[in-house]
Amino acid sequence: GQQVMQIPQYQHVQEGEDFTTYCNSSTTLSNIQWYKQRPGGHPVFLIQLVKSGEVKKQKRLTFQFGEAKKNSSLHITATQTTDVGTYFCIYNFNKFYFGSGTKLNVKP
Amino acid sequence: GAGVSQSPRYKVAKRGQDVALRCDPISGHVSLFWYQQALGQGPEFLTYFQNEAQLDKSGLPSDRFFAERPEGSVSTLKIQRTQQEDSAVYLCASSLGVGGMNTEAFFGQGTRLTVV
């Protein structure tokens with residue numbers, strides 16, 4: 001069956017450092033969404049990627065969808081303490097499966 | 001309403017007790033999903049409704065779990081004879097599209113269930 005690995009599981013950075021999380025699939029994805037969940041909160045939609053090689057930017061966040069549509073990444077430039085939380089990719093929309101998530105901690 | 005509303009926010013149940021968790025999705029949203037999120041883990045899919053039809057219940061962990069959405073809006077997740085392993089946050093999400101395709105999902109705040 002379809003398997004998606006999300007790495008790393010945890011990332012601790014100093015404020016101002018960059019951060020990247022990756023979702024890698026064994027099969028081609030039709031599209032992928034990214035969500036952020038703050039500690040004690042609920043997942044909140046960030047972006048959806050549909051096209052092969054697509055790149056989208058939201059301020060300090062850059063999202064990419066691989067050419068083969070098997071992997072995706074979220075990159076945060078110059079992290080801030082407000083970026084703390086767990087970042088999930090979601091795939092297979094009939095069931096809205098979550099990736100395992102990357103927990104980001106930012107030290108001030 | 002303005003968003004997805006879940007009630008209660010917190011529920012403590014004695015082992016063996018039945019519980020019912022409610023989800024009010026955003027008005028007009030076709031798709032509704034239930035997830036179970038254990039502490040420190042990602043949300044695990046439980047079941048999916050398209051309007052009132054339960055199209056996928058493959059994630060329900062046992063026959064003690066039952067979900068319904070009789071009129072295609074409000075949904076209830078019922079857990080019978082609760083066990084300690086049922087302790088988790090139960091998240092509900094709704095989306096405008098069918099199967100969540102090409103539309104974002106809006107999540108409720110969740111119900112934290114603790115079975116003692």
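The values are calculated or read from the model by the stated rules, or taken from the named source; none is laboratory data. It should be emphasised that the depicted structure is a prediction, and the values quoted were computed from it without experimental measurement. Glycine gets a Cβ as well: all are built from the backbone with ideal geometry, and neighbour counts include every protein chain shown.
Of note:
- Consider the range B:1-38 and keep the residues that are under 14 Å from B:T111 (Cβ atoms) and among the polar types (S, T, N, Q). The one that is surrounded by the most Cβ atoms within 10 Å (Cβ to Cβ) is B:Q6.
- Some residue of the range B:67-88 being among the basic types (K, R) and out of contact with any Asp or Glu (no Cβ under 9 Å at 6 or more places or on another chain): no
- The C-beta contact set for the range A:31-54 (first residue touching a residue at least 60 places away in the same chain (Cβ under 8 Å), second residue crowded, with 18+ Cβ neighbours inside 10 Å and of a type in the set (G, A, S), distance under 6 angstrom, 6+ apart or interchain) comprises A:Q37/A:G85.
- Residue match in the range A:41-54 (condition: buried (at least 18 other Cβ atoms within 10 Å of the Cβ) and under 17 Å from B:Q41 (Cβ atoms)): yes
- The condition of being modelled with pLDDT under 95, closer than 20 Å to A:T62 by Cβ and not β-branched (V, I, T) holds for A:Q33.
- Output for the range B:103-116, where each listed residue is more than 7 Å from chain A (Cβ to nearest Cβ) and either in a strand (DSSP E or B) or modelled with pLDDT under 95 (or both): B:T103, B:F106, B:T111, B:R112, B:L113, B:T114, B:V115
- Complete set of residues in the range A:1-36 that are under 11 Å from the mean Cα position of the chain (by Cα) and of a type in the set (S, T, N, Q): A:Q6, A:T20, A:T21, A:N24, A:Q33
For every residue, the table says whether it meets (1) away from every other protein chain (no Cβ under 14 Å); (2) in contact (Cβ under 8 Å) with a residue 60 or more places away in the chain.
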{"position": "B:A20", "(1), (2)": "yes, no"}
{"position": "B:I26", "(1), (2)": "no, yes"}
{"position": "B:V30", "(1), (2)": "no, yes"}
{"position": "B:Y35", "(1), (2)": "no, no"}
{"position": "B:G42", "(1), (2)": "no, no"}
{"position": "B:F45", "(1), (2)": "no, no"}
{"position": "B:Q50", "(1), (2)": "no, no"}
{"position": "B:S58", "(1), (2)": "no, no"}
{"position": "B:S62", "(1), (2)": "yes, no"}
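- Here the range A:56-108 is the region considered, the condition is being among the β-branched types (V, I, T) and either closer than 24 Å to B:S95 by Cβ or surrounded by 15 or more Cβ atoms within 10 Å (Cβ to Cβ) (or both), and the residue that is farthest from the other protein chains (Cβ to nearest Cβ) is A:T79.
- In the range A:13-55, residue farthest from A:T81 (Cα to Cα) [restricted to those that are away from chain B (no Cβ under 14 Å) and assigned to a strand (DSSP E or B)]: A:S25
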